[in-house]
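The block underneath contains the structure these notes are about, expressed in structure tokens.
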Amino acid sequence: MDKQTEKVIKHIKDLENRLGHVDNNLRYIKVIQALKYWLEKFADLLSNNQALQEEYQATYLSYFYTGCGFSFYDRVCNSILEYKYGNRPF
């Protein structure tokens with residue numbers, strides 16, 4: 001297990017947890033933007049390392065692929081776009 005990759009995954013899970021506890025628009029968008037950043041960082045870590053790709057394949061698939069509908073990453077990006085278009089959750 002790669003320590004850096006594990007830290008990134010832990011940070012993503014912490015942000016997911018924080019997303020459930022936000023109470024205003026500013027905190028919401030900050031958490032969503034941070035989630036996008038860390039998801040992209042996770043993808044970048046795996047992009048050039050075949051061993052890490054094999055080890056974290058299930059986690060990568062859970063974030064970036066889906067059987068139907070939108071993936072978790074797509075929902076995060078769509079939330080950011082909705083926020084920019086003026087649709088506020090709170």
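Quick notes
- Total lysine pairs whose alpha carbons fall under 23 Å of each other in the chain (8 or more apart, or interchain): 16
- For the Cα trace of the range 2-54, dividing Rg by the Kirkwood Rh returns an Rg/Rh value of 1.08.
- Solvent-accessible area, 1.4 Å probe, carbon plus sulfur percent, for the chain: 50 percent
- For the range 56-65, putting each phi into the Karplus relation 6.51 cos²θ - 1.76 cosθ + 1.60 with θ = phi - 60° gives couplings of 10, 4, 5, 5, 4, 5, 5, 8, 10, 10 Hz, in residue order, rounded to whole numbers and with x for Gly and Pro.
- Averaged over its residues, the chain has an accessible area of 68 Å² per residue, based on protein heavy atoms and a 1.4 Å probe.
The values are calculated or read from the model by the stated rules, or taken from the named source; none is laboratory data. Just so you know, these numbers come straight off a predicted model, no measurement behind them. Each accessible area value is taken on the protein alone, full model and side chains, heavy atoms only, with ligands, DNA and RNA left out. Shrake-Rupley method; radii C 1.70, N 1.55, O 1.52, S 1.80 Å.
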